[in-house]
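As structure tokens, the structure follows; a few thoughts come after it.
Coordinate-derived values only; no laboratory data. All figures in this text were calculated on a predicted structure; none of them were measured in a lab. Here Cβ is always computed from backbone atoms with ideal geometry, including for glycine, and neighbour counts include all displayed protein chains.
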Amino acid sequence: MMKKVWLVIFVFFSLVFYAQESSLKSPRATVYTHLENLKPKNYHPEISAKTIYGLSGEEAIDKAIKLKYIFEGKGLTVDYSGIPNDPDYTDSVHFPFPRHAYILFPVRLPEVYVEKYGTKWYYSKETVAQIDRLFDELYPYGTGFIKYIPSQLKAELLGLELWQWLGLILLLFIAWIIHIITKRLFYYFLKLLRNKIVPKRFNIERIDKRLNEFSDPVSYLFSLYFILKFLPSLLLPQGVSAFLISGIQVVLLGVWIWFFLKLVDLIMSFFVSRAEETESKLDDQLIPILRNTLKALVLVFGLFKLLIVFGADPKTVIAGASIGGLAIGLASQDTIKNVIGTFMIFVDKPFKIGDWIVFDNIEGSVEEVGFRSTIIRAPDTSIYKVPNSKLAEIAINNKGKRVYRRYKTMLGIRYDTPPELIETFVEGIKQLIELHPLTRNSSDYTPYNVKPYNVEFVEYGDFSLNILLNVYFKTNDWGEEMHGRHILHLGILKLAEKLGVGFAYPSQTLYMELFPEKKPEYPQYKTDPESIQKALQEAFEEFKREISKY
């Protein structure tokens, strides 16, 4: 009697278990039925095959087994707790229209999903049609070769069979050989390409160095993709396969980031060579900014991709990045304004490195245009660090873009200078300007621009007769202008000395005329034409000798 009771209980629980194992009432039940009935300790392929829509018998069993191999070959582990158990589950995210369907791995295997037909869930018609293709891509040599492996190599060692260990070692060895060969071939190809498109005047040594660095990530990419291609053929346990493939995916992403960083360096090396040919230093300053910006973008996109590799939904990542970008943008408005200001400076080019600019009581030479601010060296050698957003908005007087550097001053001579000498002195100064190698003269004059210079007796001062000296130096260099002034000043002083013209200074003169035998002391001026001409000739000769040293 007792035996009959135990037999009834066993039959009851077997039926319950069988019903549970073959349930297709929800996405979770269907996936569970498929995979759990293909485990070695619970191998019921005929039950697993019931999850394949539209097929039956051996054909359905073949599809179910191949689908399991596809999951293992891609290193995908199914988490039953994450699969919906709702019989009426609807996906409105991954399909154009809401649909009773569920994709197990939306990022890494979007072709495989279960769908509701009638009251039951099956692997969809589209999935069944893709199984053979996916299997052939992962296992180009199939899985039938296992029966030809000697039994001695099927002994287990640390969770893997010996032939699998040998396969891993052989796979790594071949990948290393591919890395060495690919690097040399790719570098050789890039050098041939460089010989055809890169001008010889460029810095070839620097470009070749970048080409060599760029060849490394390219060769590693070939090796990693080779490993990913043939690793599934080793039929590793699902846990081991998932671990290795996930690790390779992370390494592969790191190599891709390395690839694009080196690509940026390679492209920038061409821009550096081209910038070295230009006189402007602004493009030299632009290159590190552009290089850092591109590398930052590579790292940001690499981080997003890394999150996706670890299982994050791409749409969630994009949405998070958008919200995070908005928050960062609101919190760093000034930084964004400065970045835009930097862009506008490089587009409008209001100044270049080395230009002398004046704005808002700030004056100095532009030393560096950074990503956020510009450094200006003041005349006292101190530093101004000005935000680029401000420089992009205000009016800037760029003295570095002057065609000429203007110099204006007053020459005050004594009131008792005879008119003849004043006229001669003025004409003599004009002649010195014509002879000066740096000053703008009559040969530079056109009817449509300002006079090349002005030397005129313009006013009666408090203690002197004032002569205006307004000249333009043909240089943009401050030090060169100062030396030009020095030569002109010495020439004027020597001209005045030769002519006997005295420069006035603030003073009072008292003439004593009532004392006996005391006559007032007046300067003695030589006004005869011969003396004046001789003095002029001597002054001009001395000035010519002076400028010949320049």
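Once the dipole of segment 403-548 is set up with Lys and Arg at +1 and Asp and Glu at -1 on Cβ about the Cα centre, which of Thr475, Leu432, Leu490 lies farthest towards its positive end?
Working it through, the farthest residue towards the positive pole turns out to be Thr475.
List the residues whose amide H sits under 5 Å from the amide H of Ser373, counting only those 5 or more places along or on another chain, with H placed 1.01 Å from N in the peptide plane.
Distant-sequence amide H within range of Ser373: Asn388.
With θ taken as phi - 60° and the coefficients 6.51, -1.76 and 1.60, list the Karplus ³J(HN,Hα) couplings across segment 117-122 in order, rounded to whole Hz; mark glycine and proline as x.
10, x, 10, 10, 9, 9
What does the C-alpha gyration tensor say about the overall shape of segment 19-138? Classify as rounded when a/c is under 1.5, otherwise prolate if a/b is larger than b/c, or oblate.
Rounded.
Pull up all non-local amide H partners of Tyr113: gap of 5 or more, or a different chain, and H-to-H distance under 5 Å with H placed in the peptide plane.
When sequence neighbours closer than 5 places are left aside, the close amide H contacts are Ser124, Thr127.
Classify segment 156-277 from the C-alpha gyration tensor, please: rounded if a/c falls under 1.5, else prolate or oblate depending on whether a/b exceeds b/c.
Values: a/c = 4.90, a/b = 2.76, b/c = 1.78.
The shape class here is prolate.
In terms of the Cα gyration tensor, with a ≥ b ≥ c the square roots of its eigenvalues, is segment 403-548 rounded because a/c is under 1.5, prolate because a/b exceeds b/c, or oblate?
Taking the square roots of the gyration eigenvalues as a ≥ b ≥ c, segment 403-548 is prolate.
State the dimensionless ratio Rg/Rh of segment 338-400 (Rg: radius of gyration of Cα atoms; Rh: Kirkwood radius).
0.92
Which ordering of His100, His436 is given by a fewest-first count of other beta-carbon atoms within 10 Å?
Exposure proxy ranking, most exposed first: His100, His436.
Order the peptides 184-190, 222-228 from the highest to the lowest mean number of other Cβ atoms within 10 Å of their residues.
Details: 184-190: 15.0, 222-228: 17.9.
Going by the mean number of other Cβ atoms within 10 Å, highest first, we get 222-228, 184-190.
With a 10 Å Cβ neighbour count serving as the proxy for reagent exposure, in which order, fewest first, do Tyr141, Tyr89 appear?
Tyr141, Tyr89
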